[in-house]
Amino acid sequence: MTSTLTLRAAFLIAASLAGAPALAQFAEGLPPPPAYRGEIRRGPDGELRAIPATEPVSQAGPIAAPTLIVGPGERVTTIGEAARLARDGEIIEIRPGVYRGQPAVWTQDRLVIRGSGERPVMLADGQSAEGKGIWVVRGGEVLIENIEFRGARVPQSNGAGIRFERGRLTVRGCRFVDNEMGILTANFPEQTLDVIDSEFGDAPHTPGDLHHLLYVGAIGRFVLRGSRFSGGYLGHLVKSRARENHVLYNMLVDGEGGRASYELEFPNGGLAFVIGNAIGQSATTDNPAIIAYGAEGRRWPDNALYLAHNTLVNDHFTGDFLRVWNEKSPAGVEIWQINNLLVGDGNFFPPAQGRVDGNHRAQRADLIPIGDTPLRPTSQSPLRGSVRPPGSARGVDLLPTAEFTYPVGSRPLRLGHGLAPGAFQ
C-alpha cells in the first residue's frame, strides 16, 4: 500500500507540472505515460514549469528557457567563457553571486543576458574588457536585465559598466554603482539605447575627472524610463547627444551631498521629449543649472525641447531650472515649457521661440516627500485642477500616462479632472 501511494503521489506531481489531463484515469489503474510537453525547469521566480521544446526565445524572457547557464557549479563558470560560447538567439542566465574581475565582450545578435534571482554583481576588481569597461556590447539586438555593474576603472578615466558600441541595446532592471561611466555609447546614428527601470549612482570622487552616470553619444535614439540617478560628482547625471530623446518618468535627483554638474544635458540639441520626471540638484551642486540644452552647438538638423509635467527641485541658493544656449543655434530652437512644477529658487526664463503655459512654483512644505525629496502635491493642494492638458507635439502626447515609483520603476497613471502641474498626480 505504501509503495502504491508513493507511486501515485509521484505521478500527481509530475503530471501537474507537465499539465497532463490524464489524472481521471486513476480509477481504472495507472494511466499511460503523459505526452512529452517540454523540459521541467525552475524559472527565475523559483517556480517549476514545463518549457515547450518549440518555445521561441523572447526578449521579454521571464518564462523562456535559458540556453546557457553561468555560475558556480555550472558547466560554464565565468562570464568571459559565456561570452565566447554564446550564439545568436540564445538566452544567457547568470546565477546570483559576485563575479570578480570577469570582463566580457558580447558580439552576438538577438541575445538575452539576464540575472536569475538575486541580482548578480559584475565587480570590475581592476580588470576591463579591451580597456573600455566591464562589458563591451557590439552585437545586434541585445537585452541585459537584472545585473549590477560596479567599480569600472580604465587608464582613460572613462571605464564603463557597459560600453555600447553597435546595434540596439535594452537595459532593464540593472544597477550601476561606482563606475567612471555607468553606460557609455559610441557615436553611430544607427544605434538605439533603451534604459528601463534601472538605477545609477555614486560616481567616483576623482578630482579633475568628469564621470557621467549615463553618457549617450551621437546615436539615433535614446529612451530613458522609470530609472533613478543620484550621487553625481563633477560630471552629469545624464548626458545625451542622441538625435532623438525620450526621457520619461524618471527620478534624476542628485541627493544630499551630491556634486553633479547638470542633472540632464543635451549638449548638441536634438529632439528631446522630457515628460513626467523628478529632476533636482543638491545644495552642493558643481553647476547651478539643472537642465541644459545646446551648450556645444547643434549637431542634428531637427532640434526642439518639449518639457512637460516635470517637477524641478533646486536646493541650491540660486540657479537655472533650464539653461538654453540660444546664441549657439542661430536659426532658433522651439522650446515648450508646459505644466512644470518648480520647487526652490531659480530662473525659468521663457524661450525665444516656443510655448509656455501652466508652470507653477511651490514651497517644499506644501509637497509630500518621495525618497526624501518634496515632490507630490497634497490631496487638498490648490495646485490640483490648476492646469490644462498639455496637448501633443510632433505626434507625441505630452500628458503623462505613468509616474515614477520609488525606488525605481513606473506605474500607469489614471488622471482625474483635477490635473496638477509636475510629475506626480
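Ordering 234-241, 218-225, 369-376, 260-267 by mean Cβ neighbour count within 10 Å, with the highest value first, yields 260-267, 234-241, 218-225, 369-376.
Of all DSSP bridge pairs formed entirely within segment 320-395, close to 35 percent run antiparallel.
Short-range pairs are left out: with C-alpha atoms under 8 Å and at least six residues apart, the relative contact order of segment 327-423 is 25 percent. Neighbours of Gly231, meaning other residues whose beta-carbon lies under 11 angstrom from its beta-carbon, give a summed charge of -3 when Lys and Arg score +1 and Asp and Glu score -1.
About the centre of its Cα atoms, segment 278-425 shows a dipole size close to 400 debye [charges on the beta carbon of Lys, Arg (+1) and Asp, Glu (-1) only; nearest 20 debye]. Take every DSSP beta bridge whose two residues both sit in segment 197-246; close to 10 percent of them are antiparallel. Dipole size of segment 182-307 about its Cα centre, with +1 on Lys/Arg Cβ and -1 on Asp/Glu Cβ: approximately 320 debye, rounded to the nearest 20.
Projecting the Cα positions of Met181, Ala152, Gln127 onto the charge dipole of segment 127-199 (unit charges on Cβ atoms of Lys, Arg, Asp and Glu, taken about the Cα centre) puts Gln127 furthest along the positive direction.
Whole-percent P(r), segment 73-167, all Cα pairs, 5 Å bins from 0: 3, 15, 26, 28, 20, 8, 1, 0. Per residue, the accessible area of segment 196-255 comes to 25 Å² when a 1.4 Å probe rolls over the protein heavy atoms.
Magnitude of the charge dipole for segment 57-150, about its Cα centre and with charges confined to Cβ atoms of Lys, Arg (+1) and Asp, Glu (-1), is about 120 debye. Split the accessible area of segment 159-246 by element, probe 1.4 Å, and carbon with sulfur accounts for 46%.
The values are calculated or read from the model by the stated rules, or taken from the named source; none is laboratory data. Keep in mind that what you see is a predicted model, and the values were worked out from it rather than measured. In this analysis, Cβ positions are derived from the backbone assuming ideal geometry, glycine residues included, and neighbour counts consider all displayed protein chains. Just so you know, the surface numbers come from the protein's heavy atoms only, side chains and all, with ligands and any DNA or RNA stripped out. Shrake-Rupley method; radii C 1.70, N 1.55, O 1.52, S 1.80 Å.
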